[in-house]
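Novice: Handing you a structure now.
The values are calculated or read from the model by the stated rules, or taken from the named source; none is laboratory data. The shown structure was predicted, so the numbers you read here are calculated from the model rather than taken from an experiment. Cβ atoms come from the backbone with ideal geometry, glycine included; neighbour counts cover every protein chain shown. Just the protein is used for accessible areas: all its heavy atoms, side chains included, with ligands, DNA and RNA removed. Shrake-Rupley method; radii C 1.70, N 1.55, O 1.52, S 1.80 Å.
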Amino acid sequence: MNILSAHEKELKTQKIAQVAQRLFQTQDFTAISMAQIARQSGIAKGTLFNYFETKENLFMYLLLTGYQKYLQEVIQQWQNFPPSLTWEQLEEFLIKQNRFLIQEKPELLRLDALRAPLLEIRANREQTLTQRQKLYQINQKLGQIIAQKVDLINAQQAGHLFITQSAIISGLMNMMGLDEFNHAKLQVNFEEFKIDLEKEANQVWLFYLQGLHKQLLEVHHHEN
């Protein structure tokens, strides 16, 4: 019997995940099959189910590990920043992250939009919880680093910024394409339904950040 080591299993897990991610760059979730993923991964379909029992579980793994990696990258950036930053510098950084996510991480945002309506239906509860706990710990670490460098905001508030950011972008993404049906253009004029994702995400994000800053200043004023 060929028994793989933990390291070998992890390598195979990553290979499967990379194939699924590559397919997702050019295809819709519903068009991708586990047989297709197994074939392109060079493993038997039955073996694939030993690693990911459902397609939803595999793509939930991609979503959560994708955000883990993204937040780790953000942590690395903040560790290289000066020890003290202004609120305006925080806002500038976060606006740039909007652009980065929309332009450089579109598959991650697409996966995020699928999480509640599709992925959670058949994803493994325990495995999802394990990956969410890892994501939560990374988010907490990032919040602590930001709070140490920016006045007024605490670690919990700083970590929550990235949840709010994701919610804003995902919400706008879910409202895009109202002039389409099943990826085909409708022969109607829905001008008011059109969304400029980056522009409008930045507008909403900046409005939120400025409002939060005002609120934190008021709390600080009352406490002192």
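Novice: Calculate for the chain the 222 nm mean residue ellipticity that helices alone would give, adding -39,500 (n - 2.57) per DSSP H run of length 4 or more and normalising by residue count, nearest 500 deg cm²/dmol.
Specialist: After summing the helix terms and dividing by residue count, I get -24000 deg cm²/dmol.
Novice: Using θ = phi - 60° and the Karplus relation 6.51 cos²θ - 1.76 cosθ + 1.60, list the HN-Hα couplings for segment 76-92 in order, rounded to whole Hz, with x at every Gly or Pro.
Specialist: After applying 6.51 cos²θ - 1.76 cosθ + 1.60, I find 4, 4, 5, 5, 8, 7, x, x, 9, 10, 7, 4, 4, 5, 4, 4, 4 Hz.
Novice: Show me the trypsin sites (Lys or Arg not before Pro) within segment 116-206 that DSSP assigns to loop and that have at most 13 other Cβ atoms within 10 Å of their Cβ.
Specialist: Answer in residue order: LYS194.
Novice: Once phi is turned into ³J(HN,Hα) by the Karplus curve 6.51 cos²θ - 1.76 cosθ + 1.60 with θ = phi - 60°, what whole-Hz value does each residue of segment 22-34 show in order, with x for glycine and proline?
Specialist: 5, 5, 5, 5, 10, 10, 6, 4, 5, 8, 8, 10, 5
Novice: Moving on. Between GLN144 and GLN76, what is 0.36 nm times their sequence separation minus the Cα-Cα distance? Round to one decimal in nm.
Specialist: 23.2 nm
Novice: In whole Hz, with x marking every Gly and Pro, tabulate ³J(HN,Hα) for segment 175-191 from phi via Karplus 6.51 cos²θ - 1.76 cosθ + 1.60, θ = phi - 60°.
Specialist: 9, 7, x, 6, 9, 10, 9, 6, 6, 10, 5, 7, 7, 9, 9, 10, 4
Novice: Considering only protein heavy atoms, what is the solvent-accessible area of THR86 at a probe of 1.4 Å, reported in Å² to the nearest 10?
Specialist: For THR86, solvent-accessible area is about 70 Å².
Novice: In addition: Bin width 5 Å, alpha-carbon pairs only: give the P(r) of segment 151-224 as whole percents, running from 0 to the bin holding the largest distance.
Specialist: Using 5 Å bins, I get a P(r) of 3, 14, 18, 17, 13, 10, 8, 6, 5, 3, 1, 1, 0 for segment 151-224.
Novice: On to the next question. Tell me, how many Å apart are the Cα centres for segment 59-121 and for segment 122-137?
Specialist: Comparing the Cα centres of segment 59-121 and segment 122-137, I get a distance of 17 Å.
Novice: Of HIS213, HIS160, HIS183, which is the most mobile in a GNM of the chain whose springs link Cα atoms less than 10 angstrom apart?
Specialist: With Cα springs under 10 Å in the chain, the top fluctuation among HIS213, HIS160, HIS183 is at HIS183.
Novice: Going through the cross-link list LYS45/LYS69; LYS15/LYS134; LYS141/LYS214; LYS12/LYS96; LYS69/LYS199, which pairs have a Cα-Cα distance over 23 Å in this structure?
Specialist: LYS45/LYS69; LYS141/LYS214; LYS12/LYS96; LYS69/LYS199
Novice: Summarise the accessible area of the chain (1.4 Å probe, protein heavy atoms) by the percent that is carbon and sulfur.
Specialist: Exposed carbon and sulfur together represent 52 percent of the surface.
Novice: Take the Cα pairs of segment 1-120, get the Kirkwood Rh, then feed it into Stokes-Einstein at 20 °C and 1.002 mPa s and tell me D in µm²/s.
Specialist: 131 µm²/s
Novice: ASN174 versus GLN210, label points 7 Å from Cα toward the beta carbon: distance in nm?
Specialist: 2.6 nm
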